[in-house]
């Protein structure tokens, strides 16, 4: 039907979503579940380690503030991965309720926006350091960068609101529950065209996240590093000597490789609203691109370590200190146990000797 009213049946969905509702998903790959579980565990540990090391063992600087915020965003996304793993293990059925469905999905989109904005801001920062060294020396400090990061997080939350509003739990015909968009929520009063409403809302969200979270950051990144490369070449210096530049380039490449497929298929999903032939391939591929996007949160900490030898040394020192503390405690406990056992053994020997002497004394008396 093309038109409906506010009193329409609650099970009416947009065409793309209706196809998903009618689809029976019986495939459950335990290899995929285990892989997601291992990746989520590893990602949480490494991002937490980066936060602890950079936050408490590295001198607070502009660079450390950028890395702290990137790691915080990645840790937030990593913390949501175990719930996605649970969703897969439950036969791709969401069993944790509508509210947490919205929260879980919002974390993914918040990380998407904040990561894009931060990587763009870091690239622009490096550009200003190279092009405007005097300004950077006088104006660029930790306080300024922290305020910029605060604005970025606020913008990320603001951009995430529509994705929170339109998230819903939808029951498929096979009894499974999806945690996905429901653009029929919050319908306008009176008669309206369902197809136009769905198309407008889906197009808005798909193209908004493409432009704000991918294209604009990518343009800022490319332009910034073109200027940086030209300026460094003009000065006759080798840009490979700039370790942090190497780090940012690696983070940017990871960002593009991990997020580009997701945005491409999000746009194809919007196009599939008008072209039904695309719906099956989008439904099969989009979840895999979302998993690839999550992988970005796993790769970034690895890039920090391998691109920054100083950070790697700090991590080794931190792990060494923890291990040393554990070993000292264990060795101390072991020494105490051995000392106690030795004391007991010595006491037993002395008691036996006394017993033998007493026996000999008694025998001599007889």
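The listed residues are 95, 99, and the only one of them that is in a helix (DSSP H, G or I) and modelled with pLDDT of 90 or more turns out to be 99. Scanning the stretch 120-169 for residues that are outside any helix (DSSP H, G or I) and under 30 Å from residue 63 (Cβ atoms) gives 132, 140, 141.
For the stretch 99-110, state whether one or more residues are surrounded by fewer than 17 Cβ atoms within 10 Å (Cβ to Cβ) and over 22 Å from residue 296 (Cα atoms). Within the stretch 99-110 (the criterion being surrounded by fewer than 17 Cβ atoms within 10 Å (Cβ to Cβ) and over 22 Å from residue 296 (Cα atoms)), the answer is yes, since at least one residue qualifies. Within the stretch 122-137, the residues that satisfy the criterion of being touching a residue at least 24 places away in the same chain (Cβ under 8 Å) and either surrounded by fewer than 19 Cβ atoms within 10 Å (Cβ to Cβ) or touching a strand residue (DSSP E or B) at 6+ places or on another chain (Cβ under 7 Å) (or both) are 124, 131. Condition test on residue 118, is it more than 29 Å from residue 273 (Cα to Cα) and within 24 Å of the chain's Cα centre (by Cα)? When the stated conditions are applied, residue 118 passes them. Would you call residue 228 within 29 Å of residue 292 (Cα to Cα) and modelled with pLDDT under 90? Judged against the criteria, residue 228 is not a match.
Screening the candidates 187, 140 for the property of being surrounded by fewer than 18 Cβ atoms within 10 Å (Cβ to Cβ), at pLDDT below 90 and within 30 Å of residue 219 (Cβ to Cβ) yields one hit, 140. For the stretch 170-225, a tally of residues being under 27 Å from the mean Cα position of the chain (by Cα) and not in a helix (DSSP H, G or I) returns 9.
A single member of 81, 70 is crowded, with 23+ Cβ neighbours inside 10 Å, out of contact with any strand residue (DSSP E or B) (no Cβ under 6 Å at 6 or more places or on another chain) and under 30 Å from residue 173 (Cα atoms), and it is 81. Taking the stretch 261-280 as the range and being in contact with a helix residue (DSSP H, G or I) (Cβ under 7 Å, 6 or more places away or on another chain), touching a residue at least 24 places away in the same chain (Cβ under 8 Å) and not in a loop (DSSP other than H, G, I, E, B) as the test, the residues that pass are 261, 262, 263, 265, 266, 267, 269, 270, 272, 279. Reported count of residues in the stretch 19-29, each being loosely packed, with under 10 Cβ neighbours inside 10 Å and either at pLDDT 85 or above or in a helix (DSSP H, G or I) (or both), is 0. Scanning the stretch 49-92 for residues that are farther than 30 Å from residue 121 by Cα, in a helix (DSSP H, G or I) and free of Cβ contacts under 8 Å to residues at least 24 places away in the same chain yields 83, 86.
Residue 202 - would you say it is exposed (fewer than 14 other Cβ atoms within 10 Å of the Cβ), touching a residue at least 12 places away in the same chain (Cβ under 8 Å), within 30 Å of residue 73 (Cα to Cα) and touching a helix residue (DSSP H, G or I) at 6+ places or on another chain (Cβ under 8 Å)? No: the conditions fail for residue 202.
The values are calculated or read from the model by the stated rules, or taken from the named source; none is laboratory data. Note that this is a predicted model, so its numbers are computed, not measured. Every residue, glycine as well, gets a Cβ built from its backbone with ideal geometry; the counts of neighbours run over all protein chains shown.
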